Amino acid sequence: MAQLRRVAWILIVLADIGLLLWGAMAALFPERLLGPNSAPILAAGFEGYTKGSWPQLSQASRGFMTVLFRTYGAYGVAVGVLGAAVAATAFRRGERWAWWALLIGNTVALVSAMTYDKVVNAIGPFEMTEYLGLALVWGALAITAPFRAEGRPVPAAS
């Protein structure tokens, strides 16, 4: 089990560092963050959702959307930092609460990102990393589940 936990915490840290890096890019450089067909993600998301043209959107509206996307990126940074820290410390030590925190935190963060991409019809190769990250986290958590049969005490015979 110790070897599985080692592999699991490393996979989770990698997935959370990926989320942190994406969040940092979204927060600091949203105009350079690429979406489908190498289009900037903000324009691709707006055009995919409204079927309108990004340049036709007023400058004030584009500015407001950029602020919102930067905030969304900052949340990605926060979840990535916390997830990596929990995985490298409490989860690595086998603390049960850490397993649940990583399951809930990563699931909410990555599924919300995937939902955004789907709603705005902006799913490209870069967005597929969200699916990969979630698969890594869920796979790592599956092999270290705190309620697996081998970790349960044997019930007394009646």
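The values are calculated or read from the model by the stated rules, or taken from the named source; none is laboratory data. These numbers come from a predicted model, not from an experiment. Ideal geometry is used to build each Cβ from the backbone, glycine not excepted, and the neighbour counts take in all protein chains shown.
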Pairs, please: C-beta under 8 Å, at least 6 apart or cross-chain, first residue on the phi > 0 side of the Ramachandran plot and in region 88-112, second of a type outside the set (Ser, Thr, Tyr)?
94/5
For residues in region 126-158 being of a type in the set (Phe, Trp, Tyr) and at pLDDT 80 or above, which is surrounded by the most Cβ atoms within 10 Å (Cβ to Cβ)?
138
Say whether the condition of being touching a residue at least 12 places away in the same chain (Cβ under 8 Å), part of a helix (DSSP H, G or I) and either out of contact with any Asp or Glu (no Cβ under 8 Å at 6 or more places or on another chain) or among the β-branched types (Val, Ile, Thr) (or both) is met by at least one residue in region 53-63.
yes
Considering every residue within region 96-115, establish whether at least one is more than 12 Å from the chain's Cα centre (by Cα), crowded, with 18+ Cβ neighbours inside 10 Å, of a type outside the set (Lys, Arg) and part of a helix (DSSP H, G or I).
yes
